[in-house]
Each structure stands twice: as structure tokens, then as C-alpha cells.
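The values are calculated or read from the model by the stated rules, or taken from the named source; none is laboratory data. What you see is a predicted model, and the numbers here were worked out from it, not measured in a lab. Every residue, glycine among them, receives a Cβ derived from its backbone with ideal geometry; neighbour counts consider all protein chains shown. Accessible surface is based on the protein model in full, side chains and every heavy atom, while ligands, DNA and RNA are left aside. Shrake-Rupley method; radii C 1.70, N 1.55, O 1.52, S 1.80 Å.
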Amino acid sequence: GTGGQTGVYYVVGQSICRLVNRNTAETNLKCTAPSTGGSVANINAIKAGDMDMGVAQSDAQFNAYNGLGDFEGEPFEKLRSVFSVHPEPFTVVARADSGIETFADLKGKRVNIGNPGSGQYSTMQVVMEALGWTMSDFALASELKPAEQSAALGDNKVDAIIYTVGHPNGSIQEATSTVDARLIPVTGPEIDALVEANPYYAKATIPGGMYAGNDSAVETFGVKATFVTSADVPDEVVYEVVKAVFDNFDRFKGLHPAFANLMEEDMITQGLSAPLHPGAEKYYQERGWLPAS
Ligand code: GLU
């Protein structure tokens with residue numbers, strides 16, 4: 001399970017599959033990574049047995065395993081972590097002609113809050129709750145998918161779009177190249193409190209110079225993209241997937257600019273709240289990254 005085709009999850013899935021499928025003759029594993037609705041949809045598909053693995057935000061992983069948030073009262077106890085990937089800042093982009101300069105300025109505007117099932121939709125609910133906002137605080141709260149929202153911004157159907165996503169990515173590139181648009185900071189005491197209270201959130205900076213018309217760095221907060229599976233997926237399968245990625249790590253990092261700064265030691269520790277899948281653990285022990293059990 002991945003995400004929209006203009007996001008980074010799609011490239012995570014395609015990249016993993018490309019490496020896994022180089023070994024199909026020996027492993028008998030065939031990997032496909034279709035576009036999906038995002039984090040929450042992926043975890044639900046794994047829980048239902050419709051998918052074996054998927055990409056999910058670290059907040060979604062935490063909530064699913066513990067039965068909180070979108071998964072209130074229904075902990076997915078068989079959820080297993082595999083590794084984390086790139087950081088995902090909570091990203092707000094507004095048309096320059098909208099007058100939006102801060103997150104508080106979104107009030108009364110037309111805002112795409114994301115498709116239900118996506119990570120951004122869930123994280124936006126958390127931020128709105130922290131601010132005491134409801135949907136009726138917006139002139140319009142649309143639920144377009146990532147692949148549709150940049151065009152909607154360009155066509156002046158919305159004033160701002162929201163995406164929890166790695167940078168740089170095609171979606172924000174599309175948004176900022178079709179219309180004069182700005183990345184908006186997401187800061188303030190409510191955000192500080194969220195970061196303070198939740199282990200899966202951290203302060204984040206989107207560097208300047210990645211997108212047209214956005215030369216300065218922008219402060220926000222964010223999560224990590226993580227790769228997850230179920231305890232029901234056999235150890236050999238997870239082992240082969242992890243091996244395909246980390247035996248070819250330089251090649252993997254070259255497949256998307258958002259992967260450029262990935263480091264193995266961070267990927268097997270940060271953003272993981274569900275237990276590691278034993279198939280992944282075995283590979284990490286073989287590499288000497290984890291003590292032998
Ligand atoms: N973070 C988004 C989600 O959980 C997806 C981002 C992407 O596709 O790169 O739905």
C-alpha cells in the first residue's frame with residue numbers, strides 16, 4: 001500500500017518492489033505497489049489481509065497499534081514495524097492571492113483538508129482539535145485526493161491545500177509551478193503542546209529553495225513515513241524485502257530526492273512504535289545493527 005501517485009509513498013513502494021523483483025527467480029516473491037488513499041487506508045488493508053505491507057505515518061502506526069485516534073477502541077495488535085523512511089512535514093500551501101500568511105489565517109477560507117484514509121486528513125483533525133476548530137470554521141472544507149488538490153489550487157477552487165509529505169515532491173512542485181503559492185508556517189503554543197505530548201511528532205523545517213517562489217525555510221511540525229506489516233506475514237517474506245532494500249541501499253536512496261539523507265541506524269529505530277517484525281529483526285541482527293537475541 002502506498003499513497004497518491006504524486007506523493008512520495010508511491011515512490012517508496014515502487015522502489016521497494018523494483019529491488020524485490022530483481023530476486024524473484026530465487027525468492028519466488030513478486031511485489032506490486034498500487035496507489036492507495038494513504039496511511040490509514042494502508043493499515044486497514046493490512047489488517048483486513050488485503051495487503052501484506054504498506055507505508056504509514058508514524059502517528060498512524062502509533063494510533064493503530066494502541067487503538068487510538070482513527071483506530072479508537074480497536075487496537076491492531078498484530079501490526080509490526082519494518083523500518084522508517086523519510087521525514088514528513090505537515091505542509092500547508094496557500095495561493096499568494098488568498099491573503100493567507102499563517103495557519104490561523106485558514107479560518108474562513110476554502111481549504112482542502114485531504115481525503116479520509118490519508119495521513120494528512122487525520123493529522124489535520126488533530127491540529128483542528130488542538131485549536132478548537134471544526135469543519136464549519138472553513139468557507140469550504142474539501143476532501144480531494146493528493147493527485148487532485150494541486151490542480152484545484154491552481155484553478156482557484158481552493159485557497160489552500162494540506163499534505164503530510166516528504167520533500168521535494170511532485171505534488172507541491174505542481175502546485176507552486178501552476179500558481180503563485182506559498183508554504184505556510186504551522187507554529188504556535190498549540191503546536192508546541194502537540195509535539196511535547198506525542199512521541200511521534202517533532203518540529204520540522206521545510207528547506208527554502210525547493211519550490212518556485214519559496215526561497216526561505218518554513219517552520220512546521222511533522223512525522224516520519226514508516227513501513228509496516230502484520231505478524232501474519234511470514235518471516236522469510238519480510239526478511240527478503242528488508243534484505244532487498246538494505247543490500248542495495250545506495251541504489252534505493254538514489255530513487256527519490258526525499259531519500260537522499262536516509263541513514264540505516266535511524267531507519268531501524270526512529271518513528272517505530274509497533275514491535276519490529278521478526279523477519280526484519282533477523283536481517284538487522286545479521287548486519288550487526290541490533291544485538292543478537
Ligand atoms: N503522508 C501521506 C499519507 O499518510 C502520504 C504522503 C505520500 O504519499 O508521500 O496519506
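Things to note:
- Computed over protein heavy atoms with a 1.4 Å probe, the accessible surface of the chain works out to 42 Å² per residue.
- Measure of compaction for the range 30-80 (Cα Rg per 2.2 N^0.38 Å): 1.08
- If the convex hull is drawn through the Cα atoms of the range 71-208, its volume per residue in Å³: 127 Å³
- Of all DSSP-defined beta bridges confined to the range 32-162, some 40% are antiparallel rather than parallel.
- Debye intensity ratio I(q)/I(0), log10, the range 213-289, q values 0.17, 0.23 Å⁻¹ (C-alpha model): -0.76, -1.22
- Built amide H within the under 5 Å cut-off of residue 83, gap 5+: 227
- Note on residue 184: accessible area approximately 10 square angstrom, rounded to 10, probe 1.4 Å, nucleic acids and ligands left out.
- Calculated [θ] (222 nm, deg cm²/dmol) that DSSP helices of n ≥ 4 give over the chain, each run adding -39,500 (n - 2.57): -10000 deg cm²/dmol
- Point-to-point label distance, residue 290-residue 193, nm (Cα→Cβ direction, 7 Å offset): 3.7 nm
- Put simply, the range 1-153 fits an ellipsoid with semi-axes of 32, 19, 11 Å; these come from the alpha carbon gyration tensor as the roots of five times its eigenvalues, largest first.
- Computed Kirkwood radius, in angstrom, where 1/r is averaged over Cα pairs of the range 149-218: 13.3 Å
- For the chain, carbon and sulfur atoms together expose 48% of the accessible surface, with a 1.4 angstrom probe and every protein chain in place.
- Per-residue 3J(HN,Hα) values for the range 151-163, derived from phi via the Karplus relation 6.51 cos²θ - 1.76 cosθ + 1.60 with θ = phi - 60°, read 5, 5, 5, x, 7, 6, 8, 9, 8, 8, 10, 10, 8 Hz in sequence order (x marks Gly and Pro).
- If you look at the Cα atoms of the chain, you get an Rg and a Dmax of 18.8, 59 Å.
- Ordered from longest to shortest, the equivalent ellipsoid semi-axes for the range 33-123 are 30, 14, 12 Å, each the square root of 5 times a Cα gyration tensor eigenvalue.
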